[in-house]
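Structure record follows, encoded as structure tokens.
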């Protein structure tokens, strides 16, 4: 693993390595001194072309807990017309000696360009690109699900996957990088995935995806999922005729109080409710659902730091950096 | 016309048939027969194993001048054209300023004459500034020294159905043709690539086939209603081929073009996020590639047009969404068409001459281009080595654009020589000299 760009190209072995390492990192987070010297002297750049305070501070906390030096580079306005190009930014960071670049970009594929262009030799971590992928979000989701699934089965989570778990993901799949990353990773880990959305918010071509697709949230809940992930829906989608109104969306595709209670009626006492945040309370998820004991929203945030520590650690040290040195010597 | 000398091409297979000698004197083919004597003053061109074809005619070239001379000039673009086997190109109207007045089209014509590598035929804009609101002075461009007959807002669709109808009707006054860039604008807002399985995974906004097909369907119906001539630029989808087939069966006066890249490449390449594969209309699926190949073979699609669209490197190396659309094509067109159509058995070299020379010359109304290789005809002739092979290297091209999607591919076919109005602009696969009639100064 040289970069972390997508969960689609993450093998089962690599995914488990990240999740297992994240378990060890989580233990560090519970100590009084939440810090390891693993990346001392290494430089991690948070290159954010799009605002995302939550993801940025999670990566920042992760890098700092590993003793790396962190540079936050907020570079809004990426296109040639607006000023500095991706190439110039990348070469600037390379000249500063960045060892890893955590990139958030509004354009799908920008991290892949950074990694393949030859402009910079650093490890590239995709912190969300356009409507393509958000692999560390998927890893923290999988980490959260794995702990839950292992607990239900009375085992340690380390070394296990999600075989047999049924996951329902509902919302704006079309514009969601989280849905894509989740789907590929959850399939790799053996879970079954159902996507629920209005037909307008599913991508053309979704029929070839390895999942079940439904337009009906109630039917999908009746299929007894073990985890229900609600995706953020942006109100401005309404203006593009993706759905008639926020209220209609909420009635048909929101996890409202009625549906929350139905989980109990259906006897789904162990089904968890997840959300990648930030939530639109009262739109895709009711306040009661968000705050219910089923909700893992805050666990997801906490676990985010652990999986990001694991990702940085595996990319910048350990066997991977040995591979890299070997590659460089070959060049 | 100034003296261009006497040439004897020995042993070239005319349109791929039996070898014959071709004598060219002062811009005219004066004899085509086996075993011609070599006139004393003639330059002998050995062409054993080579195929003689009429000079290629591109109905769809972006020469970028005036305005974007950093991307291409008429001089560099026509050098590329000559090397690619062309003797005429149509310069698209989306220059800066837009070619929407007699003044601009005459300027482009003059630049082409000054360069002297190929005939440069300016295309006039349909609407003022390509804005799609008001007809440009089509008659003034038609009557100008540039004698414009092809009008196009290429890059933008003439979307307004009333404006499109009026344009189709109006150009009947001088037997013009409207070349439509078929793209429904609302269905393609922010579109980045073909809408399909690949766009779904990559998270890039889709450019659905229906956005092309719905405009073509509307336009062929308008052409039927008005009895006008319609040309459809860069057809890219299987559905478009079906609509065109239907329209032609009804006798509607429509012609259509396909680009070399749509004959070979698919949207799978976009998985690299390399903007060299970004083009409009976008690369489609393998099924679409097969459909446009079959359409070209059976005549549903009439011609190959390169849509040569050079861009400076800074517009082609960043993130996908910020990159410009377009690919170079002049210097690879022959090889790609040979690879996709001839080496696959879908078409012979006579068919190649039909789709790259004869029919585009008819659509563009170029009387000296696309003619048979026969005594008395204008000497626009190229010699092609069909057994040559080369690895495409954009850094070695004459175009300023380095944005070739074929970079690194091994492709067949080589242009050995080009006679443009009797003068060899290309010899031994290299640029020779421009036509002596070219005036390097105004």
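The values are calculated or read from the model by the stated rules, or taken from the named source; none is laboratory data. On a predicted model such as this, the values are computed, not experimentally measured, just so you know. Backbone-built Cβ (ideal geometry, glycine too); neighbour counts: all protein chains shown.
Couple of notes before you dig in:
- Residue selected from the stretch A:184-235 under the condition within 14 Å of chain B (Cβ to nearest Cβ) and without any contact (Cβ under 8 Å) to a residue 12 or more places away in the chain, by the criterion surrounded by the most Cβ atoms within 10 Å (Cβ to Cβ): A:205
- The stretch A:1-47, residues that are within 14 Å of another protein chain (Cβ to nearest Cβ) and touching a residue at least 60 places away in the same chain (Cβ under 8 Å): A:3, A:5, A:6, A:7, A:8
- Here residue A:177 passes the criteria (1) in contact with a strand residue (DSSP E or B) (Cβ under 9 Å, 6 or more places away or on another chain); (2) surrounded by fewer than 24 Cβ atoms within 10 Å (Cβ to Cβ); (3) over 21 Å from residue A:14 (Cβ atoms); (4) within 13 Å of chain B (Cβ to nearest Cβ) except the one numbered (3).
- When every residue of the stretch A:237-246 is checked against the conditions, at least one turns out to be in contact with a helix residue (DSSP H, G or I) (Cβ under 7 Å, 6 or more places away or on another chain) and within 14 Å of chain B (Cβ to nearest Cβ).
- Selected residue (only one of B:52, B:88, B:93 is over 25 Å from residue B:307 (Cβ atoms) and buried (at least 16 other Cβ atoms within 10 Å of the Cβ)): B:52
- All told, residue B:356 falls short of being part of a loop (DSSP other than H, G, I, E, B), closer than 17 Å to residue B:262 by Cβ and assigned by TED's automatic domain parsing to the domain that holds residue B:142.
- Boolean, residue B:82 is within 22 Å of residue B:337 (Cβ to Cβ) and touching a strand residue (DSSP E or B) at 6+ places or on another chain (Cβ under 9 Å): yes
- Reported count of residues in the stretch A:1-16, each being modelled with pLDDT of 95 or more and touching a helix residue (DSSP H, G or I) at 6+ places or on another chain (Cβ under 9 Å), is 11.
- Residue that is modelled with the lowest pLDDT [pool: residues in the stretch A:104-118 that are farther than 25 Å from residue A:234 by Cβ and more than 9 Å from chain B (Cβ to nearest Cβ)]: A:118
- Residue B:81 vs. criteria part of a helix (DSSP H, G or I) and either free of Cβ contacts under 8 Å to residues at least 12 places away in the same chain or within 22 Å of residue B:124 (Cα to Cα) (or both): yes
- Residue in the stretch B:414-428 that is surrounded by fewer than 16 Cβ atoms within 10 Å (Cβ to Cβ) and either touching a helix residue (DSSP H, G or I) at 6+ places or on another chain (Cβ under 6 Å) or touching a residue at least 40 places away in the same chain (Cβ under 8 Å) (or both) present: no
- Of the criteria (1) assigned to a loop (DSSP other than H, G, I, E, B); (2) within 11 Å of chain B (Cβ to nearest Cβ); (3) modelled with pLDDT of 95 or more, which one residue A:128 fails: (1)
- When residue B:375 is tested against (1) within 30 Å of residue B:70 (Cα to Cα); (2) surrounded by fewer than 20 Cβ atoms within 10 Å (Cβ to Cβ), exactly one condition is not met: (1).
- Scanning the stretch B:322-342 for residues that are out of contact with any strand residue (DSSP E or B) (no Cβ under 6 Å at 6 or more places or on another chain) and on the phi < 0 side of the Ramachandran plot turns up B:322, B:323, B:324, B:325, B:327, B:331, B:332, B:333, B:336, B:340, B:341, B:342.
- Of all the criteria given as (1) within 13 Å of chain B (Cβ to nearest Cβ); (2) within 26 Å of residue A:281 (Cβ to Cβ); (3) surrounded by 14 or more Cβ atoms within 10 Å (Cβ to Cβ); (4) out of contact with any helix residue (DSSP H, G or I) (no Cβ under 7 Å at 6 or more places or on another chain), the one not satisfied by residue A:166 is (1).
- Here the condition is being more than 30 Å from residue B:400 (Cβ to Cβ) and in contact with a strand residue (DSSP E or B) (Cβ under 9 Å, 6 or more places away or on another chain); of B:72, B:25, it holds for B:25 alone.
- A single entry from A:100, A:94, A:150, A:122 fulfils the requirement of being free of Cβ contacts under 8 Å to residues at least 60 places away in the same chain, more than 11 Å from chain B (Cβ to nearest Cβ) and closer than 23 Å to residue A:41 by Cβ: A:94.
- Residues of the stretch B:379-397 satisfying the condition of being under 17 Å from residue B:426 (Cα atoms) and surrounded by 16 or more Cβ atoms within 10 Å (Cβ to Cβ): B:379, B:380, B:381, B:382, B:383, B:384, B:385, B:386, B:388, B:397
- Matching residues in the stretch B:109-144 - criterion: being under 18 Å from the mean Cα position of the chain (by Cα) and surrounded by 24 or more Cβ atoms within 10 Å (Cβ to Cβ): B:112, B:117, B:118, B:119, B:120, B:121, B:122, B:123, B:124, B:125
- You will find that of A:19, A:39, A:47, the residue that is in a loop (DSSP other than H, G, I, E, B) and touching a helix residue (DSSP H, G or I) at 6+ places or on another chain (Cβ under 9 Å) is A:39 and no other.
Per-residue answers, yes or no, for (1) more than 9 Å from chain A (Cβ to nearest Cβ); (2) touching a strand residue (DSSP E or B) at 6+ places or on another chain (Cβ under 9 Å); (3) under 30 Å from residue B:365 (Cβ atoms):
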position	(1), (2), (3)
B:168	yes, yes, yes
B:178	yes, yes, yes
B:188	yes, yes, no
B:200	no, yes, no
B:205	no, yes, no
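- Qualifying residues in the stretch A:252-287 (those that are without any contact (Cβ under 8 Å) to a residue 12 or more places away in the chain and more than 23 Å from the chain's Cα centre (by Cα)) - the one nearest to residue A:304 (Cα to Cα): A:269
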